[in-house]
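I have placed the structure first, in the form of structure tokens, so that the comments after it can refer back to it.
The values are calculated or read from the model by the stated rules, or taken from the named source; none is laboratory data. Note that the structure is predicted; figures quoted are calculated from it, not measured. All Cβ positions, glycine included, derive from the backbone under ideal geometry; neighbour counts span all protein chains shown. The protein model used for the area step is the full one, side chains on, heavy atoms only, and it has no ligands, DNA or RNA in it. Shrake-Rupley method; radii C 1.70, N 1.55, O 1.52, S 1.80 Å.
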Amino acid sequence: MFEDVNIPFDCEFLVAEFNGARNVILTELYRISPSFPLQRNRYGKWTPHGGLDLANDVLYSRRNNLQGLLFRTLVDKAVVNNMSDEHNYEKYRYFYQVWRELSIKMNFTIEFLPRETHGNGILLKNGSWNGVVGFLQRREANATIMSVSMTAARSRVLDFVGPIFTAKKYLIIRDTDSFETSWTSFLEPLDDSLWMVLVGTMGLLAIFVWISHRALFILKGTLQSYDVGYALLFVWGKFCNQGDSATSDFTPIRIKALTTHLTATLIIAAYSGALVSHLAVRRTQLPFNTFREFLLEGQFSLGMHKFSSLLPFFQNNTDPVIRQLYLQNVVPYLEQLPNSNMNGLRKVCSAPKYAFIYTQEYMNEVQSRLDCKLIVIPQAYISWIKSICLTKNSPYLGLFRHTLSKLRRDGVLQKLALDAQQNSPVQEPAVLSMDMVITAPVFAALSVGVAASIMSFICELAALRYFTHCRQRARGAETRNKNMSLFPA
């Protein structure tokens with residue numbers, strides 16, 4: 001009866017048959033595709049004495065084999081051309097690996113369709129879509145692995161398999177070649193509380209040393225009594241890894257000297273390592289840090305892919321900052337927006353004060369093909385959920401979501417993401433030499449110290465001359481008084 005009837009893959013269609021003795025056999029029928037033979041699964045039975053006995057497994061645990069069904073999969077032609085062979089394409093594309101894993105689990109065949117997509121696509125005024133979404137809307141492909149951002153508007157014309165990963169699209173600008181100069185770089189390796197503990201520890205150690213020497217002087221009278229100032233210099237010398245000429249055979253003093261040396265050695269080692277790493281890291285001086293600061297800066301123009309989901313995001317956003325960014329920095333240049341991400345990044349290099357929004361991963365991938373060095377603004381980004389897409393009302397959507405959920409629970413997606421990250425090309429960081437920008441605080445501190453030393457020398461010299469002159473005058477006056485007493489008028 002049903003040999004020529006197309007029962008869709010996601011249709012739950014049951015047939016009840018009498019099997020003698022008033023027993024009823026329940027069989028589910030479906031087709032993987034209209035051209036595939038009818039599939040029959042035993043679903044359960046009913047008997048007058050035992051009642052209803054049904055299968056306990058869920059629908060897509062029974063229907064999990066697509067028997068080699070062909071999926072015409074859309075890929076961007078430019079992406080394929082940038083790969084030397086299919087092995088590299090598999091190695092560097094996380095979505096490709098996920099799609100391959102799904103094909104193995106669900107037993108379907110992949111046919112890639114390289115096309116010039118010109119972006120994921122936006123809704124046009126006539127109600128149609130361009131880009132990747134347009135291909136799926138016109139059913140020129142069954143699926144795509146081009147990591148389409150999940151939006152409500154797109155979900156009305158295609159089906160999202162489910163969240164694959166979250167991408168961040170940053171503001172990307174040309175490297176400014178200027179670096180921050182930190183005048184507190186010598187204090188930053190230790191936080192304020194640790195500095196306070198360190199100073200307090202030095203003070204307590206100095207007091208203990210002074211008390212010990214004072215007690216030894218009172219008990220034995222063999223050593224000259226320390227004053228507090230000398231004890232402070234003693235502890236400071238230990239923290240500077242300096243020796244001390246005044247030795248003692250008094251055990252408490254030796255123990256304090258040993259513990260002070262050990263404490264100083266550990267603290268100086270930690271401080272030196274933190275200071276070296278702090279000076280070695282060059283922090284770029286950014287013209288702005290957030291979208292609000294970008295808007296207040298007022299000199300940069302903003303660009304994005306003209307057929308990406310970013311444009312509708314800015315158009316329909318109610319946030320006052322994003323809305324003002326769109327009206328002030330995007331609307332006047334709508335016709336000049338680049339039609340590819342590569343062109344947008346090239347424009348960052350060629351146009352003065354131009355910012356482009358896209359992912360940091362793509363920027364790092366194409367950095368070697370650009371004429372300048374690019375950097376991202378770490379705090380200025382927009383998060384997007386990326387997914388694999390199927391044509392709208394695909395009968396296989398439920399099976400894809402079921403299988404993808406199982407891959408996520410089993411940790412397969414996490415492993416594929418880690419493998420893709422490890423196999424991505426890594427750019428070796430450039431070796432940067434220390435320059436005056438980084439060492440400016442060092443020379444500034446040296447200059448201040450030299451200036452303070454010179455001023456102290458001048459003040460002491462002036463004070464010495466003043467007091468010498470005063471003493472000479474006092475002696476002269478005293479001599480005259482004696483002469484006057486010996487030779488009265």
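Summarising the amide proton neighbourhood of residue 108: residues at separation of 5 or more, or on other chains, whose placed amide H is nearer than 5 Å comprise 68. With each label modelled as a point 7 angstrom along the Cα→C-beta vector, the residue 241-residue 353 pair spans 5.0 nm. Surface exposure of the stretch 18-58, expressed per residue as accessible area with a 1.4 Å probe, stands at 65 Å².
Over the stretch 272-372, accessible surface divided per residue gives 51 Å², non-protein components excluded, 1.4 Å probe. Could you tell me which of the pairs 353/373; 45/406; 168/373; 373/415 are separated by over 23 angstrom between their Cα atoms in the structure shown? Pairs exceeding the cut-off: 45/406; 373/415.
Annotation for the stretch 94-137: chymotrypsin sites (Phe, Trp or Tyr not before Pro) lying in DSSP loop with at most 14 further Cβ atoms inside 10 Å of their Cβ do not exist.
In nm, what is the difference between 0.36 nm times the number of residues separating residue 111 and residue 292 and their Cα-Cα distance?
Details: separation 181, 0.36 × 181 = 65.16 nm, distance 4.56 nm.
Result: 60.6 nm gained on full extension.
The largest accessible area among 100, 471 belongs to the first residue in 471, 100, and the rest follow in falling order (1.4 Å probe, all chains).
Backbone N atoms of the stretch 285-307 closer than 13 Å to the 7 Å Cα→Cβ label point of residue 373 belong to residues 285.
Applying 1/(1 + (r/R0)^6) with R0 = 30 Å to the Cβ-Cβ distance of residue 261 and residue 448 gives a FRET efficiency near 0.50.
Which order do 309, 447 take when ranked by solvent-accessible area (1.4 Å probe, heavy atoms of all protein chains), largest first? Before the final figure, lay out each step's value.
Values: 309 10, 447 70 Å².
The residues order as 447, 309, largest area first.
Got a sec? Which residues in the stretch 361-398 would a label at residue 414 touch, if it sits 7 Å along Cα→Cβ and we count backbone N under 20 Å? Zone members listed by number: 386.
Could you order 478, 28 so the one with the most accessible surface comes first? Probe is 1.4 Å.
Values: 478 100, 28 5 Å².
Largest accessible area first, the residues go 478, 28.
Peptides 232-241, 186-195, ordered by how many other C-beta atoms sit within 10 Å of their residues on average, highest first, read 232-241, 186-195.
Quickly rank 331-338, 389-396 as a protection proxy: mean count of other C-beta atoms within 10 Å, highest first. Spell out each step's value before the answer.
Details: 331-338: 12.4, 389-396: 19.4.
In descending order of packing, they fall as 389-396, 331-338.
When peptides 68-76, 2-10 are sorted by average Cβ neighbour count within 10 Å, with the highest value leading, the order is 68-76, 2-10. Amide hydrogen proximity for residue 289: with H placed 1.01 Å from N in the peptide plane, the residues at 5 or more positions away or on another chain lying under 5 Å are 294.
How many percent of the accessible area of the stretch 262-382 is carbon or sulfur, using a 1.4 Å probe? If you can, show how the numbers build up before the last one.
Numbers: 3310 of 6220 Å².
Carbon and sulfur: 53 percent of the exposed surface of the stretch 262-382.
Per-residue extension of 0.36 nm, minus the Cα-Cα distance of residue 473 and residue 461, leaves a gain of 2.5 nm for this segment.
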